[in-house]
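Chemist: This structure is in structure tokens; I'll ask about it shortly.
Read-outs throughout are calculated quantities, based only on the coordinates presented, and are distinct from any laboratory measurement. Being a predicted model, the structure only gives us computed values, none of them experimental. Cβ: placed from backbone, ideal geometry, glycine included. Neighbour counts: every protein chain shown.
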Amino acid sequence: MMTMTYLTQFNPAIQLVIRSQNDGNDDEHQRGSSIREALAPDQAKIKPPPLYRVILLNDDYTPMEFVVEILRVFFGMNAETATRVMLKVHTEGKGVCGVFPKEIAETKASQVNEYARAEEHPLMCDIEADD
Ligand code: TYC
């Protein structure tokens, strides 16, 4: 039994087998949950992390090219996507740069704000729950 628990926790192939038993009707779903609970009680309780949107706010002074650079460097966007998001923020007041687990969202927003301040731009980045 110990061996099974170890395998289901750490062997992705076995996790896949258990997950596939959960596809289908509710009875099967229940049974899948019990099997998972029996084989790996800790894993059965793991929930995906809550997600947060990283939001960019418009202002009247930050140059458009700087905002595009931010979106490319910190959020991995290509020039076309970065320009589209920048223009959305410019015209609508705010826009989403990406959605991440809380700690990553907080880190990205801080890095953007610190970089903008270091370059003496008033650009503001914030986070909000993605629900
Ligand atoms: N409104 C700014 C300008 O006209 C451009 C801008 C876009 C600033 C997006 C901030 O998050 C922003 N230069």
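Chemist: Taking into account only those residues within region 54-108 that are in contact (Cβ under 8 Å) with a residue 40 or more places away in the chain and small (G, A, S), which is nearest to the ligand (Cβ to nearest atom)?
Modeler: Among them, the one singled out is G95.
Chemist: Does at least one position in region 39-51 carry a residue that is in contact (Cβ under 8 Å) with a residue 24 or more places away in the chain, under 19 Å from A116 (Cβ atoms) and more than 8 Å from the ligand (Cβ to nearest atom)?
Modeler: No, region 39-51 has no match at all.
Chemist: A further question on this structure: I need the full set of residues from region 39-92 which are acidic (D, E) and part of a strand (DSSP E or B), in order please.
Modeler: Selection gives nothing.
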